[in-house]
1. Of A:K70/B:K226; A:K134/B:K74; A:K208/A:K229; A:K12/A:K208; A:K229/A:K255, which sit over 23 Å apart, Cα to Cα?
2. Net charge around A:I201, counting only other residues with Cβ within less than 9 Å of its Cβ (Lys, Arg = +1; Asp, Glu = -1)?
3. Can you give me the distance in nm between label points at A:K126 and B:V30, each placed 7 Å from the Cα along the Cα-to-Cβ direction?
4. Label-point separation (nm) for B:L16 and A:N223, each offset 7 Å from Cα along Cα-to-Cβ?
5. So what is the relative contact order for region A:83-194, in percent, with contacts set as C-alpha pairs under 8 Å and at least six apart?
6. In whole Hz and in residue order, list the ³J(HN,Hα) couplings for region A:68-79 that follow from phi through the Karplus curve 6.51 cos²θ - 1.76 cosθ + 1.60, θ = phi - 60°; x for Gly and Pro.
7. Would you please name the trypsin sites (Lys or Arg not before Pro) within region A:31-132 that are DSSP coil residues with at most 10 other C-beta atoms within 10 Å of their C-beta?
8. In nm, what is the difference between 0.36 nm times the number of residues separating A:S39 and A:N114 and their Cα-Cα distance?
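Derivation of every value follows stated rules applied to the coordinates shown; laboratory data play no part. All values reported here derive from a predicted model rather than from experimental measurement. Backbone-built Cβ (ideal geometry, glycine too); neighbour counts: all protein chains shown.
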Amino acid sequence: MEKIIAADNIVKSFGNKRVLDGLSFSVLKGQIFGLLGPSGAGKTTLIKILTGQLTRDLGIAEINGLDSAKLTGEDNKKFGIMMDNFGVYERLSCYENLKIFAKIYGVKNDGILNALKKVGLEDAKKTSAAKLSKGMRSRLRLARVIMTDSDILFLDEPTSGLDPATADEIHKMMLAEKEKGKTIFLTTHTMSEAEKLCDDIVMINEGKIVEHGSPKEICRRYNHKRMLKIHLSDGSDIRLAHDESSAEEVAELIKNGCAETIHTTEPNLETVFMELTGKELAI
Amino acid sequence: MKNIKAVFIKQLLDTLKNKTVFIQFLMFPVMAIIMENSIKIEEMPEHFFVKLFAVMFVGMAPLTCMSAIIAEEKEKNTLRVLMMSNVKPWQYIISIGTYIFIMCMVGTTVFAILGEYNGKELARFIPTMILGIILSEIIGAVIGIFSRNQMAATSLTIPIMMIFSFVPMLSMFNESIKKFAGIIYSQQISDLINGIGVSEVSAKNIIVIAVNFIVGIVLFALAYKKKGLE
């Protein structure tokens, strides 16, 4: 598959503090790529470097084969960026907010209404942005990005601070955009979000990559204990080794109808991250 | 052109709902209408309040609006979104500047009607107001560029606006202030407006305004070079 974003040995320091320390990865076309890390790990700095908002000290950062440090305004228009700190015009309605950018991007009125519909703000189109809840504002920012129909979307913690229902709506929308062949670069500190959405993830901590791969691959890689968790019909759970030594016992439980459910016990991304860094992701 | 148009429309929609900016365009023209029609004192120069408020309008409205709009966009991070959407800094400045200019010209029209200017008088009044508005916009843009947020912009704008807006009025009562006022453009705007039908345009008027203009442009260039628009 075609490489859309390429990062090679990216280094960035602010004063004496090295924020990004030799990050290398690539994002393929049509993927949802997740950049995971705790707050302050360097996720936003990296997204700013990749989108040309910030210069790097060392390394290579390319989007569609173009050096991100040399992106022109016209290049910028080819990808949509949603950053948490990007503002909205508070006195203007949702529709008016999008109308400004529709004019810039040459989007017709139908496109505005369609974007509002996709993010569930159709009924709030006349509501001023100042009256929107945090979740609705996030959706408005997202509508601004998807309205432009860019092939690459950079979404910086799009569900941060949102209620589960709103976050779920945004997840569905991201998956719908992926279905259309869009590439999504997502930063998050929510491991369940990454597990649910991402094809490929990079975990960073203190500016360094600590793990890279698909969520399933990573979890499997750290499945040192290899256990089976069996929920029995009497309501209790038992754990057995996930190898030949337990085969007979498992077969017996199934034969006797005692086993209600059987699960392998791979670690989730949260536990992998804790194992790698000694820190929780969602901090 | 479409970027300029988009930012212009944004500003138009936004200002209609932004009382603090909108009032700047209305305050002095409305005050001139009220005072001109309600206060008649013998020996008071003809259309005294029109001339007084026109000068204060030039020194205040374009300057405060320009700095407030830029500073708010910087604070709310909407300017960054525009820049990331391929709106060039010059396109932004032109759009905002044009919008404020048009709004100020509406006020100027009110003053011209109240002052009953016609023919030659109008040919002097309108260009004088235009020069003053543009110069104040440049100074407002410098303040907006230098300010990180609206609070910083306000604390810079108020003293500067007081100088350009009130010094021409105060110079009528104090000789020392009058000496200082001679070097600022708003005093020359005041002299030119008060001299309509009385005195010709002097070399001093033109030189002081030109020097103020050059200083404004240089300050704008330095501010832009040092801080950029964002």
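1. Correct reply: A:K208/A:K229.
2. Values: positive: none; negative: A:E195, A:D199, A:D200, A:E211.
Net local charge, A:I201 excluded: -4.
3. Distance between the two pseudo-spin positions: 2.6 nm.
4. 6.1 nm
5. The value is 28 percent.
6. For region A:68-79, the Karplus curve yields 5, 6, 10, 5, 8, x, 5, 5, 4, 5, 7, 10 Hz.
7. A:K108, A:K126
8. Between A:S39 and A:N114, full extension yields 23.7 nm more.
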